[in-house]
Amino acid sequence: MISRTKTLALCLTVVVALCCNACGIYSFSGVNIDPSVRTISIQNFENSAGEGPSNLTQVVTNSFKNYYQRNTNLTVLQRDGDLQLEGQIVSFTLTPAAVQREGNIDQATLNRLTLGIQIRYVNTTDPEKDFDQQFTITEDFPQNVDITSIPPAAIDRMTERLVADVFNKTVADW
């Protein structure tokens, strides 16, 4: 049987946690958003890299919108949000990551895909948090994978990791 002291301590802990969460001081998801911030606008990403699958801009844009909707209470707007996020895809390149010499021929034994995005972030309630920064992620693939045969699931994984990095920089204060 739980002692009265332990029950009281547990109740007090729950009340403090709920109060802190409701006041916008802290949330258990790691999000640290001023309570006056209610909206975020996420512009469509452009592919200035010129490489990648034809739906890459849609995949990146939708990943951002979905991630912020899942992990915050912010309403996603097309424009003029309290928080504003826009960007472009600046790199989508496949390069040799490991090279092996067979006779007189160098051959890639591993290829590395690099996906980079440039993000411009504006916080209308706290301009000191504004930034313009590039985020890059890589993933390695076997030698037989070329830039046209990268699995869509791999691109989704990479995009999700990039979105998490941007999310942490914008609203999680990590």
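Largest accessible area first, the listed residues VAL166, VAL76 line up as VAL76, VAL166 when surface is computed with a 1.4 Å probe on the assembled protein chains.
What does the highest-first list of 64-70, 143-149 look like by mean Cβ count within 10 Å?
Numbers: 64-70: 17.0, 143-149: 11.7.
So the order, starting with the most tightly packed, is 64-70, 143-149.
First measure r as the distance between the Cβ atoms of ASN168 and ARG101, then evaluate 1/(1 + (r/R0)^6) with R0 = 45 Å and state the FRET efficiency to the nearest 0.05. According to the calculation, E is roughly 0.65. The solvent-accessible area of LEU94, taken with every protein chain present and a 1.4 Å probe, is close to 40 Å². A simple spin-label model places the labels of GLU46 and GLN69 2.5 nm from each other, with each point 7 Å out along Cα-to-Cβ. Sort the stretch 39-174 into rounded, prolate or oblate with this rule: let a ≥ b ≥ c be the square roots of the eigenvalues of the Cα gyration tensor; rounded if a/c is under 1.5, and if a/c is not under 1.5, prolate when a/b is larger than b/c, oblate otherwise. Taking the square roots of the gyration eigenvalues as a ≥ b ≥ c, the stretch 39-174 is prolate. The alpha carbon centroids of the stretch 64-89 and the stretch 97-159 are separated by 23 Å. Modelled spin labels at GLU139 and VAL90, positioned 7 Å past Cα toward Cβ, are 2.2 nm from each other. Between ASP34 and THR148, the C-beta separation translates, for a Förster distance of 35 Å, into a calculated FRET efficiency of about 0.20.
Rg then Dmax, both in Å and based on the Cα atoms of the stretch 106-148: 17.2, 54. What does the charge count near VAL37 come to, summing +1 for each Lys or Arg and -1 for each Asp or Glu among other residues with Cβ under 10 Å from its Cβ? With Lys, Arg at +1 and Asp, Glu at -1, the neighbours total -2.
Only Cα pairs under 8 Å and 6+ residues apart enter the sum, and on that basis the relative contact order of the stretch 30-174 stands at 24 percent.
The values are calculated or read from the model by the stated rules, or taken from the named source; none is laboratory data. Predicted model, so just to flag it, every value in this text is computed and none were measured. Positions of Cβ are generated from backbone atoms using ideal geometry, with glycine treated the same way; all protein chains shown enter the neighbour counts. Quick note on the areas: whole protein, heavy atoms, side chains included, nothing else; ligands and nucleic acids left out. Shrake-Rupley method; radii C 1.70, N 1.55, O 1.52, S 1.80 Å.
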